[in-house]
Amino acid sequence: QVQLVESGGGLVQAGGSLRLSCAASGFTFSSYVMAWFRQAPGKEREFVGRIMWSGAGTYYADSVKGRFTISRDNAKNTVYLQMNSLKPEDTAVYYCAAGRTATGVLLHAVDYWGQGTQVTVSS
């Protein structure tokens, strides 16, 4: 049974930091590109960033570049999203996802989704 379980969300003041984790099970984690997406109230789900199978390559949306960092630990089947300098507009439900290709995840073509974790940034 495939599972992606996010944790680490919460309420933080603007300028603060949070670290999200996503624990994977039920599939070969190291064979998948891992990505983070987010969905704010009333808006469509948007791509945040992705990390390649080995962790050697990352790519971010312009809105988070320089503030967010994705990393992964293939030994622990876990992917992380370090979020610094948070802004109120970062408020959203954050989802991790697993896909076969970098291009695919950019187009939201993923195989597996997590259930999401709420991040709220107060001004």
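The values are calculated or read from the model by the stated rules, or taken from the named source; none is laboratory data. Owing to the predicted nature of the structure, the values given are computational and were not obtained by experimental measurement. Quick reminder, even Gly has a Cβ in these numbers, built from the backbone with ideal geometry, and neighbours come from all protein chains shown. Side chains are part of the model used for accessible areas, which takes the heavy atoms of the whole protein and leaves out ligands, DNA and RNA. Shrake-Rupley method; radii C 1.70, N 1.55, O 1.52, S 1.80 Å.
Against the definition (open to solvent by 20 Å² or more (accessible area, probe 1.4 Å), out of contact with any strand residue (DSSP E or B) (no Cβ under 6 Å at 6 or more places or on another chain), in a helix (DSSP H, G or I) and at pLDDT 95 or above), how does E44 come out, yes or no?
On the way: open to solvent by 20 Å² or more (accessible area, probe 1.4 Å): yes; out of contact with any strand residue (DSSP E or B) (no Cβ under 6 Å at 6 or more places or on another chain): yes; in a helix (DSSP H, G or I): no; at pLDDT 95 or above: yes.
So E44 does not fit the description; no.
Looking at region 51-75, which of its residues are without any contact (Cβ under 8 Å) to a residue 24 or more places away in the chain and among the basic types (K, R)? Correct list: K65, R67. Of all the criteria given as (1) among the hydroxyl-bearing types (S, T, Y); (2) at positive phi; (3) part of a helix (DSSP H, G or I), the one not satisfied by S85 is (3).
Taken over region 23-38, the criterion of being in a strand (DSSP E or B) and either open to solvent by 60 Å² or more (accessible area, probe 1.4 Å) or under 18 Å from A56 (Cα atoms) (or both) is satisfied by V33, M34, A35, W36. Among the residues of region 93-109, the one identified as surrounded by fewer than 22 Cβ atoms within 10 Å (Cβ to Cβ), within 13 Å of the chain's Cα centre (by Cα) and of a type in the set (G, A, S) is G99. Considering (1) open to solvent by 20 Å² or more (accessible area, probe 1.4 Å); (2) farther than 24 Å from G10 by Cα, the lone condition that S85 does not fulfil carries the number (2).
Annotation note: Cβ proximity below 9 Å between a residue of region 5-18 that is without any contact (Cβ under 8 Å) to a residue 60 or more places away in the chain and a residue that is in a strand (DSSP E or B) (sequence gap 6+ or interchain) occurs for no pair.
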